[in-house]
Amino acid sequence: MGRRRAETATTTRNAGLNAAAGMLLPAVGFALEVAMLASFLFWGFRQPGPWNLLLGIGLPAVVVVAWGVFMAPKSARRLPPGPVAVASLALFLLAGLALLAVGATILGVIMMAATVLWFTASWVLQRR
């Protein structure tokens with residue numbers, strides 16, 4: 001009787017953890033998307049000469065359009081889940097590298113670490 005009660009408590013605790021993670025992961029994913037755009041914007045404006053305006057505004061704009069057309073959940077042209085995951089991972093890591101390239105080392109490392117943690121947590125949650 002005690003064992004059954006312990007199993008029920010563990011199952012209830014795991015269900016609560018999955019529900020919390022299910023609500024938290026999309027919010028963290030959105031925060032990563034915003035950070036990615038800010039990283040590309042920062043990188044672009046740190047470039048020399050007249051290119052800084054074009055890159056600072058243009059690169060984030062291109063990323064937003066591509067994301068909206070090919071990776072947005074309700075897009076009519078959305079790619080299959082595998083390519084969406086690979087493309088988003090690549091974009092998030094490129095954003096971290098862009099920060100590293102302009103000397104924002106701590107921010108770049110945080111961006112890349114948060115990306116790896118978020119993708120790992122998403123993968124683990126999907127496997128359950």
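Look at S88, S39, S75, S122 and count the other Cβ atoms within 10 Å of each Cβ; fewest to most, that gives S75, S122, S88, S39.
Taking the longest Cα principal axis of the chain as reference, the axis of helix 51-70 is set at about 40 degrees. One decimal place: the segment A101-I57 gains 14.1 nm when fully extended, by the rule 0.36 nm per residue minus the C-alpha distance. Here are some values of P(r) over Cα pairs in 10 Å bins from 0, in percent: (1) 11, 37, 32, 18, 3; (2) 12, 34, 28, 14, 7, 3, 1, 0; (3) 13, 46, 35, 7, 0. Which one was computed from this structure? Calculated P(r) over Cα pairs in 10 Å bins from 0, in percent: the matching label is (2). Taking 0.36 nm per residue of sequence separation and removing the Cα-Cα distance, the A66/R78 pair yields an extension gain of 3.3 nm. Cβ crowding within 10 Å, taken as a proxy for footprinting-reagent exposure, orders W123, W118, W43 from fewest neighbours to most as W123, W118, W43.
Every number in this text was worked out from the coordinates using simple rules, so none of it is lab data. Note that this is a predicted model, so its numbers are computed, not measured. Don't worry about glycine lacking a Cβ; one is built from the backbone with ideal geometry, like all the others, and counts go over all protein chains shown.
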